[in-house]
Amino acid sequence: SSGGGAAVTQSAKRPPAADSIESAIVSIGEVSIVPADDTTEGDSTETGVKVLSDTEFEVDLKTLQAGLDTAMTEVEIPADTYSQVRMITTEPVQVTFKGDSEPTDVMIASGQQTGLKANFEPFTIESANDRLEVTINWDVQKALKGSPMGQFVITPAIQATVDTSSATN
């Protein structure tokens with residue numbers, strides 16, 4: 001019957017369900033924190049962006065649904081008000097769908113320029129004793145977009161929450 005072809009065409013137009021993604025491995029080359037007053041300006045005028053890590057590491061974006069726990073070195077962050085963490089990617093995401101033996105290359109929109117952007121309510125770091133914990137809430141279903149040609153792209157915006165605490169000792 002010819003019904004099978006129509007189903008294939010239709011599924012290529014919209015992304016697969018999130019639970020059909022086995023893994024989404026991405027290489028992150030740089031993690032930066034961005035002051036609240038810099039995120040609205042163009043990239044060329046940003047002054048307070050602080051690189052937290054420039055050691056490349058791989059992460060499975062599917063695990064970001066439960067929060068990212070990547071070993072970040074202890075970094076002194078200048079006192080300021082911040083509202084974004086950026087993760088600059090070095091290559092396309094390797095997405096493996098259930099039933100596929102080979103991963104599919106998926107680009108992150110502007111991933112190699114401004115990266116995956118974890119946005120959160122602005123918070124202030126007041127001293128070097130402050131500790132912060134960023135919880136990233138990444139919805140793989142919303143971020144993966146499909147095109148009629150069967151190509152996929154991941155939107156870079158991620159919601160996150162931040163807890164800050166001051167070390168008293």
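Only the coordinates and a few stated rules stand behind these numbers; no lab work does. As the structure is a computational prediction, the values presented were derived from the model and not from experiment. With ideal geometry, Cβ positions are generated from the backbone for all residues, glycine too; neighbour counts draw on all protein chains shown.
Annotations for the structure displayed:
- With a Förster radius of 25 Å applied to the beta-carbon distance between Asp37 and Glu76, the computed FRET efficiency rounds to 0.80.
- Residue-span extension gain [Asp163 to Glu22] - 0.36 nm each, minus C-alpha spacing: 47.7 nm
- Multiplying the residue separation of Leu52 and Ser110 by 0.36 nm and removing their Cα-Cα distance gives an extension gain of 18.9 nm.
- Under the combined filter of DSSP loop state and at most 12 neighbouring Cβ atoms within 10 Å, the stretch 83-156 retains these trypsin sites (Lys or Arg not before Pro): Lys98.
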